[in-house]
Amino acid sequence: MAWQFLPPFIDLEVATLSLGLPKLTNLRKVGVADVVTGDKTDITILKLTLARSGFQVDFTPSLVIKVPPPLVDMGLGGVHYEFQTGAMKSRVWHESEVGIPVGKGSAVEGAHGFMRGLVTGTPLAIPPYDPSTDQDLILTVLQILENLDGGGSSGGSIVQSISISARILILNEIASELESGGFRIPAGAKIDIQVDLAGSPADVKASPKIKRAEVDCSSLVLRQGGADLVELGRVLLLPGGILEVNEVRPLGAVGKAAAVEALVRLFGELDKDGSIEPGKIQPRLVEGLVKKEIEDAIRPAFLQWVRENAAIASGMDLRDVLSVPA
C-alpha cells in the first residue's frame, strides 16, 4: 500500500530520526529511579525508527536507570511499540552483579511510560495505527520530537543534533531536463538518504531546513540532448540546492575513445587542438575532469524539479527545506 503523505511514485521502506543528547541528562524520573544518558560518550544517540508495523526507539550507548544503593543500576537499550495492538517490549538489564538486583519490572514499566509519553497527542497513541494512511505523518513525527524535548519548555532544548535517514524505492521514473542538461532516476532505483537538520526541535517543527544531505542512489543518470551520459552514485546536497558529486560511473561505451572524447568535449575540458588524447583517458580521469561540470549542468534541472515538486510530501515545502528560492 502506498504512503498517503508521499506521491504514488515513491515507496518508503524505513525511516529513522536520530537525536543527539548530552551525557548525564535526566530524561525521566520513575519513583526513586532516574533515567539518564550515560557518561561513556559525550553524546547519546536516540534513534526513532518508523516502519509499517511498528515504532522502535534505540539508545546508543544505552540509557542508565540509576537507583539508590544497595540496589543495582539497570541499562535500557530500547523500546518497541507495535502499531496494531499497542503492545510494547523493552530491553532492560541489570548493570552489575554487585548489589540487590530488584526493580526490573518497575524499570520496564518506566520504559513503557517513556514510550507512551513520546506518542501522546499523536495517532500512534490509539491502536490500531497504520502509518501509510497517515496523511500528516510529518506532523506526527514532529509532535513526537516535541514530546521528547518537553514540549518546548523554557529550560531550553536537550537535543544537540537532529538527523533523518531513509530508504526509498522509486516506483515510476523521475526526470527533469533543460538545455544545460538533466537527470533521470529510473523506476526500481533505491535511494538511501541521510539528512542533517539545522536548529532545535522547535526550529525543525516550525520550519525544517537542511544543513547537508547525503544521497546514495542505485541509479541517478545524467542526461544531455536526450542521451544518457553518466551515472552518479553518491551526491552531497547543501542549502540552496548546491550539489557536490562524489561518484561518477561512465555509461555504455564511454570507455571507448570516441565516447570519452564526446563526454569530455561536452564539458569543455578537451583542448580544441586535441592536446589531450581521448584514447588515453581512463574512466577514473574522466571522473576527475567532469565532476564540477556535471554539478553545474545538473543543478538547474534539479532546482526546476524542486520548484515543480515543492509539495511532494504533505505538510512540508521542499523549497523551504532546501533553502531554494521560489
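The values are calculated or read from the model by the stated rules, or taken from the named source; none is laboratory data. Remember, predicted model here, so these are calculated numbers, not experimental data. Note that we place each Cβ from the backbone using ideal geometry, even for glycine, and neighbour counts take in every protein chain shown.
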Q. Given the conditions (1) under 23 Å from the mean Cα position of the chain (by Cα); (2) not in a strand (DSSP E or B), and given that residue 39 satisfies all but one, which numbered condition is not satisfied?
A. (1)
Q: Taking the options 19, 27, name whichever one is among the aliphatic types (A, V, I, L, M) and under 26 Å from residue 317 (Cβ atoms).
A: 19
(Q) Can you confirm whether residue 78 is within 15 Å of residue 28 (Cβ to Cβ) and assigned to a strand (DSSP E or B)? (A) yes
Q | Filter pass, residue 62 being assigned to a helix (DSSP H, G or I) and assigned by TED's automatic domain parsing to the domain that holds residue 18 | A | no
Q. In the range 62-93, which residue that is surrounded by 14 or more Cβ atoms within 10 Å (Cβ to Cβ) and farther than 23 Å from residue 116 by Cα is modelled with the highest pLDDT?
A. 72
Q: Please list, ordered by first then second residue, the pairs with beta carbon atoms under 8 Å, 6 or more apart or interchain, first in the range 296-311 and of a type outside the set (Lys, Arg), second assigned to a helix (DSSP H, G or I).
A: 306/318; 306/319; 306/322; 309/318; 310/318; 310/319; 311/318
Q) Scanning the range 222-241 for residues that are under 22 Å from the mean Cα position of the chain (by Cα) and in contact (Cβ under 8 Å) with a residue 24 or more places away in the chain, which turns out surrounded by the most Cβ atoms within 10 Å (Cβ to Cβ)? A) 232
Q | Subset of the range 187-215 that is closer than 15 Å to residue 20 by Cα and assigned to a loop (DSSP other than H, G, I, E, B) - its residue that is nearest to the chain's Cα centre (by Cα) | A | 198
Q) Considering only the range 10-37, how many residues are at pLDDT 90 or above, buried (at least 19 other Cβ atoms within 10 Å of the Cβ) and farther than 30 Å from residue 311 by Cβ? A) 3
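Restricting to the range 44-59, count the residues that are surrounded by 16 or more Cβ atoms within 10 Å (Cβ to Cβ) and either hydrophobic (A, V, I, L, M, F, W, C) or touching a Lys or Arg at 6+ places or on another chain (Cβ under 7 Å) (or both).
Qualifying residue count, the range 44-59: 9.
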Q) How many residues are over 30 Å from the mean Cα position of the chain (by Cα) and part of a strand (DSSP E or B) if we restrict to the range 65-75? A) 3
